[in-house]
Amino acid sequence: MVKKRKITIQVNKITTQSNSGAIIQPVISNDQNPNFGTFVTTYNDKIRPILDAVDKLRRLNVTQQGIPLPTIVVVGDQSSGKSSVLESLAGISLPRGQGICTRVPLVMRLQHRSDPLPKFVLEYQNKSVKIMEENQISEAIDMATVEIAGNSKGISNVPLTLVVKKNGVPDLTMIDLPGITRVPVQDQPENIYEQISEIIMEHIKPEESIILNVLSATVDFPTCESIRMSRRVDITGQRTLAVVTKSDRNPDGLLEKVTTNEVSIGLGYVCVRNRINDETYEEARIQETKLFETHPLLSMIDKSMVGIPVLAQKLVQIQSVIISKCLPDIVKKINDRLNDLVVELNKLPQNLTTIPDAMAAFTRIIGSLKETLQKILIRGEFDDDLENKQMCCNARLVEMVDEFSKELHTNEKFGENFLVEEMRVLEEANGIQLPNFLPHYVFLYLLQRRVSNISDLPISFVNKVSSYLEGICVKVLIDHCGNYPQLLSSMRKAAQSVMSKVKNKFLKRVVEMIEMEKITGYTCDTHFIVSWSQLKSNNYDKLSQAMINRSEAINIKEYGSIKVTHLFDVPSNVRDEAFDLKMRMTAYWKIVVNRMVDWMALQLRFMIQKVVNKEMEMEIVNEVMLHGGGIEKMLDEPPSVAKNRERLQRSIALLQESKEIIEQVMDDILITAD
Ligand SMILES: Nc1nc2c(ncn2[C@@H]2O[C@H](COP(=O)(O)OP(=O)(O)OP(=O)(O)O)[C@@H](O)[C@H]2O)c(=O)[nH]1
């Protein structure tokens, strides 16, 4: 319920569309010949409170908090007459002339005041300069421009605000922007066009901006840069109003230009004649009225489309519509932004002041760190972000184990020299002994050679897995002490140190495991005998047949085609003995490889369990307490956090103030539309 309703604004004959696609059509009846003075006095009282509220928000710089404000933005090509139009509306002199004059955004706040004595204030960069005389305004703006944008013709996006409180002016706030030019002059930078475009686009892009496009009657409208730019952000022209200046200089064809509307201006055209040379504003208005009444061509233009008073009326109406339309949205945006900032502020670490507080915070960090590591490394649950595949640890670890197993298995190749190694070893093992009696050391010798051949694979597996786990632990640690960066280096050191210790232990065991495999050939797995018998029975006949038939190759299951021509002249007893040895080793090697993979996987799980449940925590506590300066360090809030907290508090205070301003004005008014 609205508590207070002091002022009612009746916005007649103005249609508005939805928030996003505003169609604003101020309709001024054709028979109405607006008088600048009487119009503003009736309108000003009604719009001023809202305009004041929006101007207060502008001064608070809420736009920097992502809250766009309804604004009339004056754009135009260089020397199109932008400043002259503002001068005419305000009845004051602004820097005018050929070449670039406006080099910084100029916010013009016009306010009607009943006192005949005008007041002028120039605000910029937290300064407020009172201007005593009207004829000093131009110079003051020039000086402030030089202070902001330098002596040369460079431009800047730092705004100047000129407050004009004067009897009879319309209550309007507009922003005049540097004129668009493609050619740099004097020592302007080469990219002057890009710089100006950027400033203009920033101001005209928000849906809340009304574009006041100043076009000189002396140019072809479709060729105007300002038209091209405004059409990029306002394709249908629904928030663009055109002011045609210099009507006196080029009256030919102007009527046609503004009625055919070749450049799709949605809010209509107003043709004006600004002050020329040393005319007073009163003289300029008289000359303008005379021009549009008596000139044979210009007098044919509808009276609702000519003269500064009509422009003032249109602007005031448009301004009241956009402001009243945007107010609820501004409140919503302020509320949303406030909520976001409060959440962000609450997420910041508590500013710790006592050792018990620091101790509690440290314990919390360790606890949640352990919980996360248990979740992803032991229970194998997913991290929140499934896209981050690195953090799906169990899946990545099993991939590494599978790859290790594949490498070990593919290492077993019969190759070109089938049985050659076995025959050579048997030959050297020959002695004065019973034939066909295989000494155990022959098998062991071959086994040792095979184990040595693959011994680098388990080592590189340990290296790979350890560096992956170290990466995961460091990432989790960084995430968990993001709020206390002063702990980061100790935590990182602890994680690296614990992982390095564990890796060394793991490597030591792997080396032992390799040695064990070399020392003894043993398995309790009965499948060994079955597998050996099968290999022999399946392949012995193939080999014998090949020797009889002199076939080049035999096909052994799982190992493919194997060349045997080099065995043709080998005595059958030697060949058979070597064949038996090979099949025995093949069956046993499968057992060895599987045992290695199983053992490594179990060791890995065991190691992870120990690190996560105990060693990481102990190492962190040790590192922080003994070497990292203790938890007292947590009491020194890092400058980055303090700065962030200050920034958030400032923004929250600013938005709260803005919210109060806007809620107050909404309480005070009730807007009705026909
Ligand atoms: N005859 C005539 N001259 C005008 C009119 N409007 C502006 N001028 C002249 O055109 C020139 C440029 O006008 P400014 O108002 O400085 O143009 P501007 O667009 O503000 O210029 P920049 O900000 O430098 O781009 C000045 O010499 C004005 O006196 C007009 O309606 N009639």
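The values are calculated or read from the model by the stated rules, or taken from the named source; none is laboratory data. Every value quoted in this text rests on a predicted model; they were computed, and no experiment measured them. A quick note on method: Cβ atoms are made from the backbone with ideal geometry, for glycine too, and the neighbour counts reach across all protein chains shown. Ligands, DNA and RNA are stripped out before the accessible areas are found, and what is left, the full protein with its side chains, is counted by its heavy atoms. Shrake-Rupley method; radii C 1.70, N 1.55, O 1.52, S 1.80 Å.
What to note about this one:
- Considering residues of the stretch 291-336 that are within 47 Å of the chain's Cα centre (by Cα) and among the polar types (S, T, N, Q) only, the residue surrounded by the most Cβ atoms within 10 Å (Cβ to Cβ): Gln319
- Residue in the stretch 234-254 that is in contact (Cβ under 8 Å) with a residue 40 or more places away in the chain, touching a helix residue (DSSP H, G or I) at 6+ places or on another chain (Cβ under 7 Å), open to solvent by 10 Å² or more (accessible area, probe 1.4 Å) and within 16 Å of the ligand (Cβ to nearest atom) present: yes
- Yes/no for Ser490 being more than 54 Å from the chain's Cα centre (by Cα) and either among the polar types (S, T, N, Q) or under 15 Å from Met616 (Cα atoms) (or both): no
- Failed criterion for Val597 (all others in (1) under 28 Å from Gly431 (Cβ atoms); (2) in a helix (DSSP H, G or I); (3) open to solvent by 10 Å² or more (accessible area, probe 1.4 Å) hold): (1)
- Residue match in the stretch 381-394 (condition: in contact with a His (Cβ under 9 Å, 6 or more places away or on another chain) and part of a helix (DSSP H, G or I)): no
- Test: residue in the stretch 546-556 that is open to solvent by less than 30 Å² (accessible area, probe 1.4 Å) and under 30 Å from Thr372 (Cα atoms): no
- Residue count for the stretch 183-218, restricted to those that are farther than 21 Å from Gly150 by Cβ and open to solvent by 20 Å² or more (accessible area, probe 1.4 Å): 7.
- Within the stretch 606-633, the residues that satisfy the criterion of being exposed (fewer than 13 other Cβ atoms within 10 Å of the Cβ) and either under 36 Å from the mean Cα position of the chain (by Cα) or of a type in the set (Lys, Arg) (or both) are Lys614, Glu632.
- So Pro170, is it within 13 Å of the ligand (Cβ to nearest atom) and part of a loop (DSSP other than H, G, I, E, B): no
- Taking the criterion of being acidic (Asp, Glu) and under 14 Å from Tyr588 (Cα atoms), the residues of the stretch 517-573 that qualify are Glu517, Asp525.
- Among residues of the stretch 638-649 that are in contact (Cβ under 8 Å) with a residue 60 or more places away in the chain, those with a beta-carbon under 6 Å from a residue that is of a type in the set (A, V, I, L, M) and in a helix (DSSP H, G or I) at least six positions away or on a different chain give the pairs Leu648/Leu341; Leu648/Leu345.
- Residues (closer than 21 Å to Glu663 by Cβ and among the charged types (D, E, K, R)) located in the stretch 296-332: Lys325, Asp329, Lys332
- Condition check for Ser533: surrounded by fewer than 17 Cβ atoms within 10 Å (Cβ to Cβ) and either closer than 28 Å to Lys406 by Cβ or basic (Lys, Arg) (or both): yes
- Residues that are within 14 Å of the ligand (Cβ to nearest atom), modelled with pLDDT of 90 or more and of a type in the set (A, V, I, L, M) within the stretch 180-228 comprise Ile199, Ile200, Leu212, Val214, Leu215, Ala217, Val219, listed in sequence order.
- Residues satisfying the stated conditions in the stretch 337-379, i.e. polar (S, T, N, Q) and open to solvent by less than 40 Å² (accessible area, probe 1.4 Å): Thr372
- Of the set (1) in a loop (DSSP other than H, G, I, E, B); (2) within 15 Å of the ligand (Cβ to nearest atom); (3) not acidic (Asp, Glu), all apply to Ile175 but (1).
- Pairs meeting the criteria (first residue in the stretch 76-94 and farther than 13 Å from Tyr281 by Cα, second residue away from the ligand (no atom under 11 Å from the Cβ) and part of a strand (DSSP E or B), beta carbons under 8 Å, at least 6 apart or on different chains) are Gly76/Asn213.
- Restricted to the stretch 255-290, and to residues there that are open to solvent by 20 Å² or more (accessible area, probe 1.4 Å), assigned to a helix (DSSP H, G or I) and among the hydrophobic types (A, V, I, L, M, F, W, C), the residue that is farthest from the ligand (Cβ to nearest atom) is Leu255.
- Residues of the stretch 586-610 that turn out to be over 22 Å from Trp532 (Cβ atoms) and free of Cβ contacts under 8 Å to residues at least 60 places away in the same chain, as a count: 3
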